[in-house]
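Heads up, the thing below is written out as structure tokens.
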Amino acid sequence: MTGGSEHELIDAAKAGSADAFADLVRSYRVRLLRFLVTRSASYADAEDALQDTLIAAYRYLHSYDSRWRFSTWLYRIAIRNAGRIRSQNIVELADLVDEEDDPLQHCIRASETENLWVSARRILNDEVFIATWLRYAEDMSINDISKALDRSDSWTKVNLLRARKALDAEMNGNNDGNEAYG
Amino acid sequence: MDKLTKQLKRDAARIDVQVSDELDRRITASLQGITPQMPERPPMQRRPPVFWWASSLTGAAAAILLIVMLNSRTELHDTTIEPKQMSPVAVATAPTIQWKAESAMLTGPLQQELEDLQSDIKKAEEKVKRDIGL
């Protein structure tokens, strides 16, 4: 999707076209769901969070500021929705040790090697995990991550650096324990 | 791209998720049933007709109260005795006079003593002249 066509779809969706909005967010749905799986206590919660995110984005599209990247704005809503749904269930992601319950474990079951994002979720706090995800899974800029998390650029830089160190140690088997970073 | 970044990207891509047909239908149905909100404009506030009556009455009452207060103040002002005001000239000249009198009091005795001394010197000169026969 080119930038111009994205803007056209946004304009059409703002005018009330649900089809234009569906086209607009089609490419983001899988990416958002993948992210939400890492933030939810169950796969069903992740699906609910995706649905809520898209509904909220469509309903409040008039408040979208075109100076932001659309994906940044969409992730900001998704982060809020994931947190809201999880707080309703009162589940700590770090406590999801049972593979049957953990949607992330469920989605990587086919893999033979350990997934670093499982470790990341265990050793990083929520915000730092999200910043790390947006940086490495979504290739977002520091500035966009800061906007999505409503944090300063320096906070994002510092915590990404700390997360890298922690994950690097985890990957190389040098972790000293279950210290939470961030 | 370093090893950690590659690993994180690879592992993120290995999280296998799919938007199921059922979820797709749910999302589509939800979106069709929603009307996006328009930017909110501050609504025109129509005040009830009673408001104008209340406002007029309050204004009239305030005006009457003000007139009564001003009148009562004027009457009070008329009955009070104004203190006598000193003329500007008197105020301006008084310090000058005081200053001259003070200087005269201070320098008067000295002037008198000087005059006495000058008189003594003159007398002494005349006596010396008489003694030497000039």
query: A:LEU124's amide H: which non-local residues (gap 5+, or another chain) put their own amide H closer than 5 Å, with H modeled 1.01 Å from N in plane and none for Pro or chain starts?
result: A:TYR181
- line: Descending packing, highest mean Cβ count within 10 Å first, for B:116-124, B:9-17, B:29-37 is B:9-17, B:29-37, B:116-124
task: Sticking with the crude label model, points 7 Å out along Cα→Cβ, report the distance from B:ALA124 to B:ARG10 in nm, one decimal please.
output: 12.8
Accessible area buried at the A-B interface, both sides summed, 1.4 Å probe (Å², nearest 100): 3300
task: Only counting protein heavy atoms at a 1.4 Å probe, give the residues of the stretch A:3-45, ordered by number, whose accessible area falls by 50 Å² or more when the other protein chains are present relative to the chain alone.
output: A:ARG29, A:ARG34
Additional length obtainable on full extension of the chain from B:SER56 to B:GLU113, 0.36 nm per residue less Cα span: 11.8 nm
- prompt: Tell me, what % of the accessible area of the stretch A:1-96 is carbon and sulfur with a 1.4 angstrom probe?
  reply: 47
query: Between A:SER152 and A:ASP65, what length in nm is gained on full extension when 0.36 nm per residue of separation is reduced by their alpha carbon distance?
result: 29.4 nm
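The values are calculated or read from the model by the stated rules, or taken from the named source; none is laboratory data. Just so it is clear, the structure is predicted and the values come from calculations on it, not from any experiment. Using ideal geometry, Cβ is built from the backbone for each residue, glycine included, and neighbour counts are taken over all protein chains shown. When the accessible area is computed, the model is the full protein with side chains, heavy atoms only, and any ligands, DNA or RNA have been set aside. Shrake-Rupley method; radii C 1.70, N 1.55, O 1.52, S 1.80 Å.
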